[in-house]
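The values are calculated or read from the model by the stated rules, or taken from the named source; none is laboratory data. Nothing here was measured: the structure is a model prediction, and the numbers come from that model. Note: ideal-geometry Cβ built from the backbone for every residue, glycine included; neighbour counts use all protein chains shown.
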Amino acid sequence: MSLQKIVSFALPKHEDTRPSRVKPEQAQAMLIFRLASAKIWEASQAIRQNKHLAMTLRNVVLPKMPDGPMRLKALNKSINDAPWLSPLRHGMGFHFPKFEDWRSHIVPDESWVDDYVYLGEKSGNTFYEAADSIGQSWMFSQYGALNLREAVHPLISQMIQLLVEMNTFLEDVLATLIGQIMLEGQGQRRHVGKVLSPQYERVTIPFWISMPIGNE
């Protein structure tokens with residue numbers, strides 16, 4: 001649930017089109033997308049391969065969950081329809097890739113342009129454009145499109161849909177486990193207060209930040 005919110009917060013929500021503003025923010029968003037994808041893959045493997053978890057899910061929870069077996073079947077199909085998910089997890093999501101895996105993305109050709117390093121007064125305000133360019137090139141190549149640009153929209157759209165589908169499924173599973181099985185349908189909600197919070201659509205994660213000077 002946290003990753004689902006952070007993914008949304010990381011997407012630029014302004015009209016500033018300067019590369020120095022947009023590129024670092026997009027790179028930051030893609031990093032979080034990759035982490036979210038890797039977690040989706042891990043969750044799918046746990047659901048499928050962890051013996052105790054799979055047995056509890058299928059024998060205890062899903063029979064009490066509306067359309068439970070069909071929901072799991074639909075989720076598994078969505079995972080199977082995203083063949084880029086496993087390579088993204090194993091090749092980059094939680095690891096530094098091997099040099100051989102990236103060789104085709106670091107050999108210069110006629111499409112290459114100059115890369116920039118954007119520097120601030122503090123190391124936290126530094127952006128290496130080349131690293132992100134290579135990382136995104138590898139990332140979108142996993143989709144299998146002939147042109148990488150053609151892979152950007154469908155891969156990100158599918159990634160968001162998978163995140164929503166996995167999150168919704170697990171939320172409903174937990175609700176069934178807690179409400180119908182552990183509490184036997186006798187649980188009751190109790191209001192415990194409110195928290196002052198910003199509007200969801202207005203929350204953003206900037207890349208460039210004002211950092212303290214010296215030891216302040």
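Results for (1) surrounded by 12 or more Cβ atoms within 10 Å (Cβ to Cβ); (2) of a type in the set (V, I, T), shown as yes or no for each residue.
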position: H52; (1), (2): no, no
position: D67; (1), (2): no, no
position: A74; (1), (2): yes, no
position: N80; (1), (2): no, no
position: S86; (1), (2): yes, no
position: V107; (1), (2): no, yes
Taking first residues from the stretch 141-152 that are within 20 Å of R103 (Cβ to Cβ) and second residues anywhere that are part of a loop (DSSP other than H, G, I, E, B), the pairs with Cβ under 7 Å that are 6 or more apart or on different chains are Q142/W84; Y143/W84; A151/Y143; A151/A145
So the helices (runs of 4 or more DSSP H) completely within the stretch 76-181 holding 2 or more residues that are touching a Pro at 6+ places or on another chain (Cβ under 9 Å) and at pLDDT 85 or above are 129-141, 148-176
Subset of the stretch 11-50, residues more than 17 Å from H90 (Cα to Cα), among the hydrophobic types (A, V, I, L, M, F, W, C) and exposed (fewer than 15 other Cβ atoms within 10 Å of the Cβ), comes to V22
Checked L170, L174, L146 against criteria (surrounded by fewer than 16 Cβ atoms within 10 Å (Cβ to Cβ), over 25 Å from Q45 (Cα atoms) and aliphatic (A, V, I, L, M)); the one match is L146
If you go through the stretch 179-198 one residue at a time, do you hit one that is surrounded by 10 or more Cβ atoms within 10 Å (Cβ to Cβ), more than 18 Å from the chain's Cα centre (by Cα) and in contact (Cβ under 8 Å) with a residue 24 or more places away in the chain? yes
Going through (1) surrounded by 15 or more Cβ atoms within 10 Å (Cβ to Cβ); (2) in contact with a strand residue (DSSP E or B) (Cβ under 9 Å, 6 or more places away or on another chain); (3) not acidic (D, E) one by one, L119 fails only at (1)
